[in-house]
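Derivation of every value follows stated rules applied to the coordinates shown; laboratory data play no part. Given the structure is predicted, the values throughout are model-derived calculations rather than measurements. Backbone-built Cβ (ideal geometry, glycine too); neighbour counts: all protein chains shown.
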Amino acid sequence: MSNDARTDDDVYLGLQQSEEFAELRTRFRRFVFPLTALFLAWYFLYVLLSTYAPGFMGHKVLGNVNVGLVLGLGQFVSTFVITMLYARWADREFDPRAAALHARVEEAHR
């Protein structure tokens, strides 16, 4: 193993064990995991209602539009909302911290 490879390993291990990296990982998990759980609960609720409550899902809301259609379209809307929330959060909170860590690694390679 060359000295350069060992140095690279040391840099990456040092970064992974740093307080800044741990904080970045924690911030990411605190944002992403709850949103993922919320979306999955919402998705499985839709699937379960479709399977076990067809009468409710077939209830007409307006003309030929029923509850199932409204909730199904809500799945698409919620996906886009979550994506926009994540993009805004990442631009504001995550990306600047990740860029700082990246700069630190780049500096260590010079």
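Quick look at the numbers
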{"item": "Dipole-positive endmost among LEU13, ALA37, LEU69 within the chain (Cβ charges, Cα centre)", "result": "LEU69"}
{"item": "Mean Kyte hydropathy of -1.0 or more with a Cα span along the axis of at least 30 Å, helices from DSSP in the chain", "result": "19-52, 67-89"}
{"item": "Dipole magnitude of the stretch 3-108, debye to nearest 20 (Cβ charges: Lys/Arg +1, Asp/Glu -1, about Cα centre)", "result": "880"}
{"item": "Theoretical FRET efficiency, 1/(1+(r/R0)^6), r = Cβ-Cβ of GLN16 and LEU48, R0 41 Å, to 0.05", "result": "0.55"}
{"item": "Chain lengthening between ARG25 and ALA87 when straightened (0.36 nm per residue, less Cα-Cα)", "result": "20.7 nm"}
{"item": "Over the chain, relative contact order from alpha-carbon pairs under 8 Å, at least 6 apart, %", "result": "34"}
{"item": "Kirkwood hydrodynamic radius of the chain, Cα pairs, Å", "result": "17.7"}
{"item": "Residue-averaged [θ]222 nm for the chain, counting only DSSP H segments that reach four residues, each worth -39500 (n - 2.57)", "result": "-27500 deg cm²/dmol"}
